[in-house]
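K.L.:
What follows is a structure written as C-alpha cells; I'll ask about it next.
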C-alpha cells in the first residue's frame, strides 16, 4: 500500500498536481510527503538544527525538512533556519523546496546540519495551463502565450483585458474608451469573422464563460476582479484551441485564479491610489476670439458662396453683429465675456482607490483562500465612475486518498456611470462655444442653443450633469470539481460551473436636456444564467524512458438562459426622481421583455505522445452540438494535429554552451465559431410592429426572419509553424510563429433581394484569410552586483484579406458611425472593413476657377468655386458620385507590440513599458463636424489654416456659413497615419528589506508609483489619441481605427502599497 | 488489493453512466423561440388577421424614414422636381438627387425600393394567410383582405411609377420560393394587379371615410382614379378610355362629397391641411399616420436650417426648402403664398412662442405643425389694440403625412374630364373650387379651350399639390414640367431645373434600379442611361 502510494505520488506530480497551477505543486508536495510518513512511530528525541541556503548564498525560507521514512518534519523560517527533533542519533534528512533539487543528507549525531540546495532546472521549468489540463512548457506542441501574476500586477486595471494589453504577441488589445472600465476590443491573430463574434473564448479555472452580449459589448470576463487572477494563458493555434471546437476559432484565453496554499497562513493587503489628468495630444479648438473671427469671416464669405441668397437678403439675420447681443455672454460692444476651455471644465482629477485584501492558508489536506476587493475609480470626465465590490472564496480538499474535491465562489457588484454611452458629451466638448460660460449668473447652464442660429445643442457640462446611465452588474461565478484517481495513471475530473450575471441599466435625462420629452427615464434588467457540466478522463503513463502518453476523453454540456425586461417613460414634473419612480412620468410609456436559450453538447478527446522527450505528437478532436444551428447541422467535428521536435535534447546539442533550448513545432487543425444569436436558423415572425390607428399604438405581427435549416458553423483552418530558442542558459529566449488561418462558411447576414420583403438571411458563405508572424524576445541584459536589466520585446504582424463573399456585392454599413456616407467596406481581395471614400486632392485654386465650375454641383446646388473642396473625379464625368469612391485606408496595424524594460537595483525596480503600433490608419470622422463647417458650433484650430485667396495650398475649404452651401464627404483627408509609440506605463517600486519588515512582523512590504499613458509619439496630423474609437455607433468590430467623439484617454498617476503578513 | 479493484470498477461504472447518461435527452439541442412567433403557430384566429394587417399599416411609414444625415427617403420625390433646394450640403446622396446625377448607389433609391416591397410582402402575408383562418366573420375577413389589397396597390403604384417594369410578387417568400430572385415583369401587368386589387378593395365593405386612418372607400376610389389617370398618360398611353375611367371614378367621390359636404369637402382654411385636429377627415382622404407614441412626423427636413421656429430651438435642417423661383410663380394675391396663412411662411415666433422674427426666405408651411411647435395668438380687443397670447407647443409632432386630399380628386376630375371631351361645367367647377379657396379669380368657362384648360389644371396641380410627393409623378406621367419663368410647360426632356440648373434627360423618366438590389439579384436589369 505504501509502495503504491509512493509510485502514485510520482505519477501525480505530473498528471494531477500540475493540473491547476504551479502554486498548487507546493501544497501537494507537502501533502504527499505527509501521506508518505503517515505510519511512522516516534522514539526518543534529539535535536537537529541548521540553515538552508541557495548556491548564491541566500537563505531559503519555507524549505521542507523531513526525516526520511517518517512524517516527522518542519520547514525553515524566514532566515532559512530549521530545528527538528529526531528520535535517534542517525538518519537521513530530506530537504525539498520548489525549484530546487530535493537533497538528502545523512547525519550520525544530533547538532548542526547546514545544507546548500541547488536549483532544479527541470522543476523550475514553466508549467502552462492548456485546455483540460496542464503541461510543462517544454512539452507543449502548440502556440501558447502566457502571462504570470507579477506581469498582471504591473498596471492595476479594472479589467483583465486591459491588463493583457501588450503582454503577448498575436494578441491585440485596444482599450476603446478612457472611461474607467472602458471596454476593450481584443483580437487574437486578426479577424476571423464578419458577422459573428471575433471575441475569444474565456475559460476561468476550467469553466467556459458564456459569450454574453451584454450592454456595451461587455462580456462576463469584464466582471471578474483582475486581482484574483494569477495567470493567463492564450491559446492561439488550432492544436491548442481545437479542444474547444466550435468556440475556439477566435482563440482561447485561459484564466487561473488564486487558490490557497498549505503552510503558514498568509495575509496580503494591496492598495493603490490614483488620479487622472488629460492625456497627451489633447485636441485643440478655437478660443473665443478665434472663433468669433472665423464666424465673422464665414458670414462675409456667404456673399461669395451664395450670391443670389445674399442679394435677396437671406443672410441678413445671420449677421454676427446681430447675434452677439445677449448681455449674459457679450458686452455692449459684442465682445465676449468668457473664454471657456470646455475640456478643462468637463474633466476632473479626483482620487481613485483600490483595496485588495487576501487570506489564504490550509493544512496537509485542506487549503482555502479568501479575497475581498473594493475599487472606486473616478474617471477623467466628470461624473463618470466605476465602483466594484468583490469577494471570492476557494477551497480544495484531499478528502480521500483517491478523491479530491474543491470549489470556488465569487461575487462581484459593479456600478458604473457610462457618460460616453452616446457621442454627445465628447462631441460637445469640442463643439461648445468658447465664449459661453459654463453657467450663467442665475445658475442655469449655458448652451450653444442660446446663441442665435447655431446648432441647437446642449453643452457638454449640462449633458454630464443632466444625464445618468447607471449600469449595475452583479455576477456570481461558482465552480465545483472532483478528481478521482482510479489507478495511479487514470484520473477522472468532473467540473460543474456556473455564471449568473444580472445587469440593471437605469437611465434618466433631465427636463432641461429633454425639452421635447420633458425629462425621460428608463429602467431595464437582464439576467443571464449559464451552467456547464464537464467530465473527463485523463490517462497518463510513462513507459520507461522512451514513451510517454497522456490521453484525454470527455463530455460536456452547457446551457445559457437569458431574460430581460425594460420600461421607459417621459414627461416628468420634476427631475427629482431620475429613474427611481417611473410611475411619476406621464407620457409614452413603453415596456418590453425578451428571452432566449442556447445549449451545447460536446464530446472531446486528445492524445499526447512523447518519444524520448524529443519528439512530441498531439491529436485533438471535438464533436460539438449547438442548439443555434439548423436542423440538418446540429453537430460538427473539429480535429487537429501537432508535432514538435525538441532539437536541444538531441545528442549533438546536449550541453551546447550556446544553445540551451531549441524546439520546432508545427500544427494544423480546424476550429469553429458559433456565436450567432439563438434562433437564427428559424423562420420567425416579429410582434414588434406598431401601427398607428386612431392615434393609438396598435401592435402588429409580421415577417421577420427567413429560415435556413442548413445553417452550420463557421470554420477556421489554421496552420502554424513555430520555433522556441534559448541561448546562454536561457538568458536570451526567443519564440517565433508564422501562421495561416482561413475562415470558410462565414456566418453572414447575407443580403437577399428586398423584393422578398426580407433584408437578410443568416447563411454560411464567404471566406477570409489571416496570415501573420509573431515574435517575442526576452533577454537578461545585465545581471551583476545587485543590478539587473531585462528586456521584453514583441511584435505581431497580421495581414487580412477577404477571399469571397455571398454575392459579388460589397458589404457596406459596417464600422461606424455611418452618418454621412459608408465609412467601411467589405470587399473581396481587400482587408476586411477597409475605409471607403472619396479622394480629396485639395481645394480649388483661383487659377482653376473655370475647371471647378464645370463640375455638377456637389455643394447644395451652388456652382463649385475656388475655395471649395477638390475631389478626385475618378471616372472623369465632372460629377462627384459614388463611382468616385474607393478604398482609402485600413484601421489594422501592419505591426504592433511592446518594448518592456525592467531594471532592478538592490531593492529598487523600474519598469518602462512602451506600446507601439505601426501602419494603422485612423479615419477621423470628427473632421466632418469640426473642420468642414463653421458658424453652427466650434471647430478645431485647424480651420485657421483654411483656404483664403492668400492661402490656396491647403486641404481645408474656405470657411463659410453652412447655409450658403458647403460639402462634407468621407474622404482621404480624414484618413491619417495612426502609427504611434505610447509611454504606456512607467513604474518605480521599492521593496523594503527583510531586516526591516521582520521587525514589524511583515513578510513583504512594497511601495510603488507609476504613470500610465505618459507620452505619445505620433503623426502631427492626428487630432487626439490615435488608438481611441467610437462607442457610439462603434459597437461594430470594424470601427477600430475610427475616431468619433470618444471618451478621451487619461494620463493616470498612481501610488501603491503592498503588504504581506 | 481485490477490494481496490472492485471499488475502482464500480466507480468507473458510475462515472461511465454519468458520462453517457444525459445524451439520452435529445431535446437538449432543440430550439423553441420564447419571444417570437413562427408562421406555424400564428394565423389561427381573427385577432391574428388584425395583427397581420396592423403590420402592413406599420410598414407604410418606411418610405418616409431617414436616408443618411439630414435627409429622408421621401426627398427622392422632391429633390428632382426642381421646385425645392437645400440649405446644407451634408448629404452627398441628396446633393446628387438635386443635381440629377443620382444613380443606383443613391441610398434613397434603395430605401424607397426596400420600403415599398416590405409593404407588399406584409400585405402578401395577410392575403395568403387570412383566408385560411376559420372560424372568422366573413365581413371582417373581407374587410381585412380589402384593406390589405388597397395597401398593396398603394405600394405597387409608387413602385411602378418610379421604376417601370418591376418584379411582381404576390405571394409570401422563402429562400426556396421560385421567384425569390425575380426578373422584372412588364409594367402593364403591375398596373393590372393594382386595378384588380383596388376593385376588390372597393367591394370589401369599407366605410366612405375612416377617422382612425384606415383605408376607406373614398381612399380606394380616389386611388383608382389616380391609377387610371396615370395609365391614360405615359408610359402606357391608354388615352381617352382611361381618362374616362379616371373621371368617372373621381366623380363618384365628388358626387358623394356634394351630397355629404360634412363628410368629404375642401377645408375652409389652409391651416386645416396641416393641423393635428383635422386629420383623416373631410379633405384628408388618406394619410400616413403619425403619433409620437410610435413615431413622430417625418417632414422636419422642411424646417429652416437651425432657425428657432419650434419649442426645441434651432433644430431644422432645411434640406428641402422652396426655390425662390417656384415661390414667386404663385399668382399675385394667391392666399397659398401668404405668410403663415397658406402653404409658406417667411417669419415665425422665436422658439415657437416668443418674439416674431424674419426667416429671410420662404419655407414650407404645409407640413409645419403649429400645435407641437408652439405659436402666438393675436386677438383684437374691442378698443382696437391687439393682444398676443403665447401657446406652448405640445412638443409631440403628431402630424400625419397626406396621401390623398380631396383637392387632388377635384383636380384629377377636372383634368380627366377635360381630356374626355373638353372642359365641362363640372370640370370647371372642380378647378374653380381650388382657386376660390386661394382667393383667386378664375376666368369664365367660355374663355377656356381644351388646351388652355388642360394647362390651367396642370398649373393648379403644381401650386396646390407642391411638396406632397405628387409633382414628380405628374412630370413623368405628362412628360411636361412647369416652367416658373414662362408660367407654361416645357417638355420633360431638356427642362432645366431652377434649383440646380441641371437638365432633365430621357433617363430620368425612370429611377435607377438600386445597385445593391441588382447585386443581390443578378436577374434584374438596369434602367437605360444608368451605370450597371
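The values are calculated or read from the model by the stated rules, or taken from the named source; none is laboratory data. On a predicted model such as this, the values are computed, not experimentally measured, just so you know. Using ideal geometry, Cβ is built from the backbone for each residue, glycine included, and neighbour counts are taken over all protein chains shown.
K.L.:
Filtering segment B:287-307 down to residues that are in a loop (DSSP other than H, G, I, E, B) and more than 7 Å from chain A (Cβ to nearest Cβ), which residue is surrounded by the most Cβ atoms within 10 Å (Cβ to Cβ)?
P.N.:
Looking only at segment B:287-307, we keep the residues that are in a loop (DSSP other than H, G, I, E, B), and these are B:289-290, B:292-294, B:296-299, B:303-307.
Okay, now just the ones that are also more than 7 Å from chain A (Cβ to nearest Cβ), so B:296-299, B:303-304.
Details: B:296: 18, B:297: 22, B:298: 20, B:299: 22, B:303: 26, B:304: 24.
Result: B:303.
K.L.:
Same structure, new question: Please work out which residue is modelled with the lowest pLDDT, limiting yourself to segment A:229-245 and to residues that are over 23 Å from residue A:798 (Cβ atoms) and crowded, with 24+ Cβ neighbours inside 10 Å.
P.N.:
A:245
K.L.:
How many of the residues making up segment B:101-119 are within 7 Å of chain A (Cβ to nearest Cβ) and outside any loop (DSSP other than H, G, I, E, B)?
P.N.:
4
K.L.:
All but one of (1) buried (at least 23 other Cβ atoms within 10 Å of the Cβ); (2) out of contact with any strand residue (DSSP E or B) (no Cβ under 6 Å at 6 or more places or on another chain) hold for residue A:427; which doesn't?
P.N.:
So residue A:427 meets the others, but not (1).
K.L.:
Let me ask another. For segment A:214-235, indicate whether the set of residues that are free of Cβ contacts under 8 Å to residues at least 24 places away in the same chain and either within 30 Å of residue A:147 (Cα to Cα) or not in a strand (DSSP E or B) (or both) is non-empty.
P.N.:
Our first condition is that a residue be free of Cβ contacts under 8 Å to residues at least 24 places away in the same chain; within segment A:214-235, this holds for A:219.
Going one step further and asking which of them are either within 30 Å of residue A:147 (Cα to Cα) or not in a strand (DSSP E or B) (or both), we end up with A:219.
Checking segment A:214-235: at least one residue is free of Cβ contacts under 8 Å to residues at least 24 places away in the same chain and either within 30 Å of residue A:147 (Cα to Cα) or not in a strand (DSSP E or B) (or both).
K.L.:
Mind telling me which of the residues A:1007, A:1037 ends up being in contact (Cβ under 8 Å) with a residue 60 or more places away in the chain, away from every other protein chain (no Cβ under 14 Å) and surrounded by fewer than 24 Cβ atoms within 10 Å (Cβ to Cβ)?
P.N.:
A:1037
K.L.:
Of the residues A:588, A:648, which is in contact with a strand residue (DSSP E or B) (Cβ under 6 Å, 6 or more places away or on another chain), buried (at least 18 other Cβ atoms within 10 Å of the Cβ) and in contact (Cβ under 8 Å) with a residue 24 or more places away in the chain?
P.N.:
Working: A:588 fails: buried (at least 18 other Cβ atoms within 10 Å of the Cβ).
Unique residue meeting the criteria: A:648.
K.L.:
Another question, then. Looking at segment A:700-731, which of its residues are in a strand (DSSP E or B), touching a helix residue (DSSP H, G or I) at 6+ places or on another chain (Cβ under 7 Å) and within 14 Å of chain B (Cβ to nearest Cβ)?
P.N.:
A:700, A:701, A:702, A:703
K.L.:
Answer yes or no as to whether residue A:655 is at pLDDT below 90 and either more than 14 Å from chain B (Cβ to nearest Cβ) or within 24 Å of residue A:806 (Cβ to Cβ) (or both).
P.N.:
Here the answer is yes, as residue A:655 does meet what is asked.
K.L.:
So if I check each of A:62, A:50, A:11, A:80, which one is in contact with a strand residue (DSSP E or B) (Cβ under 8 Å, 6 or more places away or on another chain), surrounded by 15 or more Cβ atoms within 10 Å (Cβ to Cβ), at pLDDT below 80 and closer than 23 Å to residue A:115 by Cβ?
P.N.:
Values: A:50 fails: at pLDDT below 80; A:11 fails: closer than 23 Å to residue A:115 by Cβ; A:80 fails: at pLDDT below 80.
Result: A:62 is the single residue among A:62, A:50, A:11, A:80 that is in contact with a strand residue (DSSP E or B) (Cβ under 8 Å, 6 or more places away or on another chain), surrounded by 15 or more Cβ atoms within 10 Å (Cβ to Cβ), at pLDDT below 80 and closer than 23 Å to residue A:115 by Cβ.
K.L.:
With respect to residue B:84, determine if the residue is more than 9 Å from every other protein chain (Cβ to nearest Cβ), surrounded by 14 or more Cβ atoms within 10 Å (Cβ to Cβ), at pLDDT 80 or above and in contact with a strand residue (DSSP E or B) (Cβ under 9 Å, 6 or more places away or on another chain).
P.N.:
Criteria met by residue B:84.
K.L.:
In segment B:347-361, how many residues are part of a strand (DSSP E or B) and in contact with a helix residue (DSSP H, G or I) (Cβ under 9 Å, 6 or more places away or on another chain)? Even if it seems obvious, please write down each step before you answer.
P.N.:
Here is the first cut: in segment B:347-361, the residues part of a strand (DSSP E or B) are B:347-349, B:356-361.
Okay, now just the ones that are also in contact with a helix residue (DSSP H, G or I) (Cβ under 9 Å, 6 or more places away or on another chain), so B:348-349, B:356-361.
Number of matching residues: 8.
K.L.:
Do you know which residues across segment A:469-513 are surrounded by 18 or more Cβ atoms within 10 Å (Cβ to Cβ), more than 12 Å from every other protein chain (Cβ to nearest Cβ) and over 30 Å from residue A:536 (Cβ atoms)?
P.N.:
Those that are surrounded by 18 or more Cβ atoms within 10 Å (Cβ to Cβ), more than 12 Å from every other protein chain (Cβ to nearest Cβ) and over 30 Å from residue A:536 (Cβ atoms): A:469, A:471, A:473, A:503, A:505, A:506, A:507, A:508, A:509, A:510.
For every residue, the table says whether it meets (1) in a strand (DSSP E or B); (2) in contact (Cβ under 8 Å) with a residue 12 or more places away in the chain; (3) more than 30 Å from residue B:351 (Cβ to Cβ).
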{"residue": "A:487", "(1), (2), (3)": "no, no, yes"}
{"residue": "A:491", "(1), (2), (3)": "yes, yes, yes"}
{"residue": "A:504", "(1), (2), (3)": "yes, yes, yes"}
{"residue": "A:511", "(1), (2), (3)": "no, yes, no"}
{"residue": "A:531", "(1), (2), (3)": "yes, yes, yes"}
{"residue": "A:539", "(1), (2), (3)": "yes, yes, yes"}
{"residue": "A:545", "(1), (2), (3)": "no, yes, yes"}
{"residue": "A:556", "(1), (2), (3)": "yes, yes, yes"}
{"residue": "A:563", "(1), (2), (3)": "yes, yes, yes"}
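K.L.:
Taking residue B:216 and the conditions (1) in contact (Cβ under 8 Å) with a residue 12 or more places away in the chain; (2) closer than 21 Å to residue B:470 by Cα; (3) touching a helix residue (DSSP H, G or I) at 6+ places or on another chain (Cβ under 8 Å), which numbered condition does it fall short on, given that it satisfies the others?
P.N.:
The number of the failed condition is (3).
K.L.:
Okay, moving on. Is it the case that residue A:422 is modelled with pLDDT under 95, part of a loop (DSSP other than H, G, I, E, B), within 14 Å of another protein chain (Cβ to nearest Cβ) and on the phi < 0 side of the Ramachandran plot?
P.N.:
No; evaluated as a whole, the condition is false for this residue.
K.L.:
Out of contact with any strand residue (DSSP E or B) (no Cβ under 7 Å at 6 or more places or on another chain) and either in a strand (DSSP E or B) or within 14 Å of another protein chain (Cβ to nearest Cβ) (or both), is that true of residue A:688?
P.N.:
For residue A:688, the condition - out of contact with any strand residue (DSSP E or B) (no Cβ under 7 Å at 6 or more places or on another chain) and either in a strand (DSSP E or B) or within 14 Å of another protein chain (Cβ to nearest Cβ) (or both) - is met.
K.L.:
Take residue A:577 and tell me if it is part of a loop (DSSP other than H, G, I, E, B), buried (at least 16 other Cβ atoms within 10 Å of the Cβ) and more than 14 Å from chain B (Cβ to nearest Cβ).
P.N.:
yes
Okay, residues lined up against (1) facing chain A (nearest Cβ under 10 Å); (2) closer than 24 Å to residue A:863 by Cα; (3) assigned to a strand (DSSP E or B); (4) free of Cβ contacts under 8 Å to residues at least 12 places away in the same chain:
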| position | (1), (2), (3), (4) |
| --- | --- |
| B:487 | no, no, no, no |
| B:494 | no, yes, no, yes |
| B:498 | yes, yes, no, no |
| B:501 | yes, yes, no, yes |
| B:507 | no, yes, no, no |
| B:513 | no, no, no, no |
| B:519 | yes, no, no, yes |
| B:522 | yes, no, no, no |
| B:526 | no, no, no, no |
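K.L.:
Across segment B:314-337, what is the total count of residues that are part of a loop (DSSP other than H, G, I, E, B) and more than 14 Å from chain A (Cβ to nearest Cβ)?
P.N.:
Residues that pass the stated criteria total 6.
K.L.:
Residues that are touching a residue at least 12 places away in the same chain (Cβ under 8 Å) and over 30 Å from residue A:258 (Cα atoms): which helices (runs of 4 or more DSSP H) entirely in segment A:280-361 hold 3 or more of them?
P.N.:
Once the helices (runs of 4 or more DSSP H) in segment A:280-361 are filtered for at least 3 residues that are touching a residue at least 12 places away in the same chain (Cβ under 8 Å) and over 30 Å from residue A:258 (Cα atoms), what remains is A:288-305, A:320-323, A:342-346.
K.L.:
Can you tell me which residue within segment A:251-269, out of those that are more than 23 Å from residue A:477 (Cα to Cα) and touching a helix residue (DSSP H, G or I) at 6+ places or on another chain (Cβ under 9 Å), is surrounded by the fewest Cβ atoms within 10 Å (Cβ to Cβ)?
P.N.:
For segment A:251-269, the residue satisfying everything is A:263.
K.L.:
Within segment B:412-437, which residues are in a loop (DSSP other than H, G, I, E, B) and surrounded by 21 or more Cβ atoms within 10 Å (Cβ to Cβ)?
P.N.:
B:423
K.L.:
May I pose another question? Considering segment A:593-618 alone, what residues qualify as being over 24 Å from residue A:675 (Cα atoms) and surrounded by fewer than 19 Cβ atoms within 10 Å (Cβ to Cβ)?
P.N.:
Once the filter is applied, which keeps residues that are over 24 Å from residue A:675 (Cα atoms) and surrounded by fewer than 19 Cβ atoms within 10 Å (Cβ to Cβ), segment A:593-618 yields A:607, A:609, A:611, A:612, A:613, A:614, A:615, A:617.
K.L.:
Run down B:171, B:183, B:212 and say which single residue is within 14 Å of chain A (Cβ to nearest Cβ) and within 19 Å of residue B:511 (Cα to Cα). Write out each step before concluding.
P.N.:
Working: B:171 fails: within 19 Å of residue B:511 (Cα to Cα); B:212 fails: within 19 Å of residue B:511 (Cα to Cα).
Residue meeting the stated conditions: B:183.
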